[in-house]
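So the structure is just underneath, and the comments pick up after that.
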Amino acid sequence: DKMTVYNVSSEELEQMLETVLHLTKETGQIIANAIGSDANAEIDLKEHNKEDGNASAILTETDMKVEKHLINGLRSKYPDHQFIGEESSEANSSELTDAPTWIIDPIDGTMNFVHSNPLVCTSIGLTVNQKLVLGVVHCPLIDKVYTAIKGQGAFCNGKKIKTSGVTDLSKAMLIMELPVGANKEKKAVGMKNLEYMLDNAHAVRSPGPAAMDIAWVGAGSADGYFSQGIHSWDMAAGALIVKEAGGAVTSTSGGDFDLMARGLIVASSDELATKIHQFINIYQTPRDQPTPVIPF
């Protein structure tokens with residue numbers, strides 16, 4: 001059984017990026033219209049399971065609408081491509097194969113969306129032969145589009161970006177998600193990490209969507225971010241953006257980044273990534289899939 005090796009040229013990748021940017025312009029409009037609507041204010045406490053927080057009906061509807069638009073748009077141009085997505089209504093959420101696969105989070109920052117906070121984004125990554133080759137993080141309400149193609153650097157709104165290069169914790173702005181509504185153990189782990197940073201970091205922030213947090217490290221808008229518990233669709237695009245911006249991308253244990261291990265550290269420099277890995281405590285979460293995917 002000969003394995004297929006898929007070849008995608010840089011020209012094709014540039015074309016694919018154009019396609020994605022065209023689609024995210026449209027989905028950005030969908031998100032902007034929905035987040036401003038009155039219906040968004042009705043937070044539904046009952047429907048949604050506690051772990052994911054509370055979501056509004058309009059969020060679910062918009063999530064589906066955005067995912068459908070992206071997948072239909074990509075599928076019409078690239079019928080043989082695969083999809084992995086948070087909503088998975090259209091996505092084949094089976095194991096990642098070598099085939100070109102789009103890894104999509106239609107709306108990252110769902111809590112922000114529900115509260116009409118502008119820090120929401122769409123994350124779109126592409127793997128070929130299980131390697132990340134293209135990433136887009138689009139934040140429509142703050143008008144920022146972070147992009148990367150493997151080997152071609154990273155960009156924000158078309159301008160080249162690079163990480164800050166910060167190596168010391170004492171000079172670093174770190175981003176951490178606050179464990180609101182988490183179980184006792186997970187909360188305790190989060191508090192321990194937070195306490196260490198309050199004593200040792202320059203600043204700590206919790207802006208929201210993982211994909212954007214990661215892209216910000218690439219753009220030098222923050223210096224380090226770590227998380228355990230997020231998914232492949234939160235990380236795929238951002239990880240490539242940070243890598244292409246000259247930053248460090250590792251697993252939460254400091255080893256090779258595994259796209260299916262539910263966590264990562266991204267930092268402005270290898271030195272800072274090591275320092276983050278040395279102090280963080282990790283709350284273990286089940287993998288996205290049993291087989292590792294080392295995408296770089």
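Taking the listed residues THR101, THR97, the one that is over 21 Å from THR19 (Cα atoms), among the polar types (S, T, N, Q) and modelled with pLDDT of 80 or more is THR97, with no other qualifying.
Of the residues SER206, SER232, the single one that is of a type in the set (S, T, N, Q) and within 26 Å of LEU70 (Cβ to Cβ) is SER232. Residues considered: ILE265, ILE276. Of these, the only one that is closer than 29 Å to PRO118 by Cβ, touching a residue at least 40 places away in the same chain (Cβ under 8 Å) and assigned to a helix (DSSP H, G or I) is ILE276. Against the list (1) of a type in the set (Val, Ile, Thr); (2) over 22 Å from ILE84 (Cα atoms); (3) surrounded by 24 or more Cβ atoms within 10 Å (Cβ to Cβ), the condition VAL242 fails is (2). Cβ separations smaller than 6 Å between residues 6+ apart or across chains give the following pairs from the range 93-108 residues that are buried (at least 20 other Cβ atoms within 10 Å of the Cβ) to residues that are among the aromatic types (Phe, Trp, Tyr) and not in a loop (DSSP other than H, G, I, E, B): TRP102/PHE83; ILE103/TRP233; ILE104/TRP233; ASP105/TRP233; ILE107/PHE113.
The criterion of being open to solvent by less than 50 Å² (accessible area, probe 1.4 Å) and closer than 26 Å to LYS159 by Cα holds for THR250. Would you check which residues across the range 218-234 are in contact (Cβ under 8 Å) with a residue 60 or more places away in the chain and open to solvent by less than 20 Å² (accessible area, probe 1.4 Å) and list them? The answer is GLY218, ASP223, SER232, ASP234.
Residue count for the range 219-257 satisfying the condition of being at pLDDT below 95 and part of a helix (DSSP H, G or I): 0. The listed residues are THR285, THR274, and the only one of them that is more than 23 Å from VAL136 (Cα to Cα), open to solvent by 10 Å² or more (accessible area, probe 1.4 Å) and touching a Gly at 6+ places or on another chain (Cβ under 6 Å) turns out to be THR285. For the range 207-214, indicate whether the set of residues that are modelled with pLDDT of 95 or more and either part of a loop (DSSP other than H, G, I, E, B) or surrounded by fewer than 24 Cβ atoms within 10 Å (Cβ to Cβ) (or both) is non-empty. Within the range 207-214 (the criterion being modelled with pLDDT of 95 or more and either part of a loop (DSSP other than H, G, I, E, B) or surrounded by fewer than 24 Cβ atoms within 10 Å (Cβ to Cβ) (or both)), the answer is yes, since at least one residue qualifies.
Got at least one residue in the range 193-205 being out of contact with any His (no Cβ under 6 Å at 6 or more places or on another chain), open to solvent by 50 Å² or more (accessible area, probe 1.4 Å), closer than 23 Å to GLN152 by Cα and not in a loop (DSSP other than H, G, I, E, B)? Looking through the range 193-205, none of the residues is out of contact with any His (no Cβ under 6 Å at 6 or more places or on another chain), open to solvent by 50 Å² or more (accessible area, probe 1.4 Å), closer than 23 Å to GLN152 by Cα and not in a loop (DSSP other than H, G, I, E, B). Scanning the range 126-140 for any residue that is farther than 25 Å from ILE294 by Cα, surrounded by 17 or more Cβ atoms within 10 Å (Cβ to Cβ) and either free of Cβ contacts under 8 Å to residues at least 12 places away in the same chain or over 16 Å from the mean Cα position of the chain (by Cα) (or both) turns up nothing.
The values are calculated or read from the model by the stated rules, or taken from the named source; none is laboratory data. Here the structure is a predicted model, which is why all the values come from computation and not from measurement. Because the Cβ atoms are built from the backbone with ideal geometry, glycine has one as well, and the counts that use them run over all protein chains shown. Note: areas computed on protein heavy atoms with side chains; ligands, DNA, RNA excluded. Shrake-Rupley method; radii C 1.70, N 1.55, O 1.52, S 1.80 Å.
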